[in-house]
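J.: The structure is given below, and queries will be raised subsequently.
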Amino acid sequence: MKMNGLFFGTTLIKRYLYTFILFLISNGMEAQVVNVSGSWTASIPSITEAGTNYAGTYDNTANTGTNQIILSGTLPGSFLKVLSSSGAKMTMHYASNPWNTSMTLSAKRTGGTTTIHGVCLLCTASINGGASYIPIPQASDVTFVTFTFGGVLGLGNSVTFDDIVLLLQVSGVSVTIPAGTYGARVVFTIVAN
């Protein structure tokens with residue numbers, strides 16, 4: 001049996017070339033960062049009268065100033081170049097700590113600004129969606145907001161987003177849910193749109 005040494009050598013070179021290209025692409029990528037400042041603990045009054053139920057829905061819209069939950073972050077230039085004009089989205093899901101699935105956790109946003117850094121020709125960036133309450137699932141991600149940007153990317157570009165006020169809502173609170181302390185951690189991720 002005769003083997004062609006050139007074929008195996010060519011295959012090996014291609015494999016190393018693809019690995020090297022992947023290394024270069026991944027080395028140029030920077031992380032997309034979401035910063036969350038603040039937290040919320042729902043204030044649910046005690047029931048003192050038989051036959052009474054809870055209001056059922058509670059939110060943090062009364063939280064102002066330092067009690068607000070604010071989202072901010074950065075989309076680096078390497079991420080923007082990969083996405084081109086398709087944009088990005090911020091997804092969310094919750095991690096139980098523990099949580100009763102009879103209650104629904106939802107989120108919406110108010111405000112939000114974007115700033116473009118670096119040399120960029122006719123560039124724009126905006127935040128869209130999230131203006132009404134969106135139920136947050138536990139097992140899979142759901143889109144919270146989208147980021148759109150356009151223009152000719154130059155050198156050293158990045159986009160920062162700031163001042164997104166996160167409003168949370170818990171619904172389904174009832175006397176039929178066992179008494180206890182329930183908690184959840186909302187996880188945000190930025191991915192291609």
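Throughout, read-outs are computed from the coordinates displayed, never taken from laboratory work. Bear in mind the structure is a predicted one, so any value in this text is a computation, not a measurement. Note that we place each Cβ from the backbone using ideal geometry, even for glycine, and neighbour counts take in every protein chain shown.
J.: Let's test this: bin the Cα-Cα distances of segment 84-193 at 10 Å from zero up to the farthest pair and state each bin's percent.
T.: So the P(r) values, bin by bin, are 13, 38, 26, 14, 6, 2.
J.: Taking the Cβ of Leu166 as the center, what net charge do the other residues with Cβ under 12 Å away carry, scoring Lys and Arg +1 and Asp and Glu -1?
T.: Here the count lands on 0.
J.: Treating each Cα of segment 52-114 as an identical point scatterer and ignoring solvent, apply the Debye formula and state log10 I(q)/I(0) at q = 0.14, 0.25 Å⁻¹.
T.: Each listed q maps to, in turn, -0.70, -1.27.
J.: Across segment 180-190, in residue order, what do the Karplus-derived ³J(HN,Hα) couplings come to in whole Hz, using 6.51 cos²θ - 1.76 cosθ + 1.60 with θ = phi - 60° and x for Gly and Pro?
T.: Per-residue couplings from phi come out as x, 9, 10, x, 8, 10, 8, 10, 10, 9, 10 Hz.
J.: Expressed as cubic angstrom per residue, what is the convex hull volume of the alpha carbon set of segment 142-188?
T.: Looking at segment 142-188, the number lands at 130 Å³ per residue.
J.: Quick check: residue separation of Ile177 and Leu155 times 0.36 nm, minus the Cα distance between them. What number comes out in nm?
T.: Taking Ile177 through Leu155 to full extension adds about 2.4 nm, to one decimal.
J.: By per-residue mean of other Cβ atoms within 10 Å, what is the highest-first order of 157-164, 104-111?
T.: So the peptides 157-164, 104-111, ranked by packing, come out 157-164, 104-111.
J.: Let me ask something else about it. Can you compute the modelled spin-label distance between Tyr54 and Thr41, with each label point 7 Å from Cα toward Cβ, in nm?
T.: 1.5
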